[in-house]
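Take a look at the structure below.
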Ligand SMILES: [Zn+2]
Ligand SMILES: [Zn+2]
C-alpha cells in the first residue's frame, strides 16, 4: 500500500489497543502520516499515539490535495463531526477502508478525545452519545481474518450454535471513566443484539433494537475496580444465538 498523501510505500507497525488486542497500522516514513482501519483510532491509548506520531518524516512537503485511499483509490474526505475538533485533520475512505491521519494529527485527535472525556467526567456531564468522542465506527470487512473461533453453544434451548463468522470483530472495550465503558463490535449480517452480564452485574442490556451491523453500547454506573463477564446475543433471523464469555475490568 502507498501513502494516501505522498504515495511512498507504507510500513506496517504493530500496536496494542487499550483493551490489549494487537493490531497493525500503516505508517509513512516519508510524510509521517498514518493509515488506520476505520474504528481503530478510538481504541489506541494516548501513549501509543504519542509514540506512533513521534516519527520524524523525511519530507515535510504534504500535497495540498485530498488524499486517496490506498486500498480503493477513492478520494478521502475530511471527517467533520462532533468527534474531531476543527483544528485536527482526519480523512476517511468513502468505502470504510480506513482513516488517514497526517503527521501529528493522530496524537492531536487522541488528546482532544481524552480532554473531552475528562471534561465530562470532571463536570459530571453525561456524554450525549458515544459518537461525541468516537470516530464513527463502520463495518470492517478486512478484519474478517481476526475472527475469534470462540462462539459456543448457548445454554438456553432457543439459542443455537452459530458460525464464528457471525461476529466480525472481538468486542472492543473503551473505558470512558472508572464507572463507564463503551463496548463495540460488528456483525457480518444486520442483527439485533444485546449484552447479558454473567458477572459483576445481573442484567441484560439491549444494544441494537433494529438490525444493523455496527453495535455500540455505553454502560454507566459501573463499580470501579470490578471484573465483569458478559456474553453477546445476536439475533439475525428470530433465532438468537450467543457468544462465549468476554471479560473486562473497570479501572
Ligand atoms: Zn506519506
Ligand atoms: Zn478505500
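The values are calculated or read from the model by the stated rules, or taken from the named source; none is laboratory data. On a predicted model such as this, the values are computed, not experimentally measured, just so you know. Cβ placement follows ideal geometry from the backbone for every residue including glycine, while neighbour counts extend to all protein chains displayed.
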Report summary line: Exactly one of 10, 46 is more than 26 Å from residue 251 (Cα to Cα) and either within 16 Å of ligand 2 (Cβ to nearest atom) or in contact (Cβ under 8 Å) with a residue 12 or more places away in the chain (or both), and that residue is 10
Query raised in the report: Which is more than 22 Å from the chain's Cα centre (by Cα) and within 16 Å of ligand 2 (Cβ to nearest atom), of 5, 34?
Result: 5
Requested in this report: Give just the number: which of (1) farther than 20 Å from residue 111 by Cβ; (2) free of Cβ contacts under 8 Å to residues at least 40 places away in the same chain does residue 63 not satisfy?
Outcome: (2)
Report task. Being part of a loop (DSSP other than H, G, I, E, B) and surrounded by fewer than 19 Cβ atoms within 10 Å (Cβ to Cβ) is the filter here, so list the residues in region 223-251 that pass it. Result -> 223, 224, 225, 226, 236, 237, 238, 239, 244, 245, 251
Report summary line: By residue number, the members of region 30-51 that are surrounded by fewer than 16 Cβ atoms within 10 Å (Cβ to Cβ) and out of contact with any helix residue (DSSP H, G or I) (no Cβ under 6 Å at 6 or more places or on another chain) are 45, 47, 51
**Report entry** Index of the failed condition, residue 178 passing every other in (1) modelled with pLDDT under 80; (2) assigned to a loop (DSSP other than H, G, I, E, B); (3) surrounded by 15 or more Cβ atoms within 10 Å (Cβ to Cβ)
**Finding:** (3)
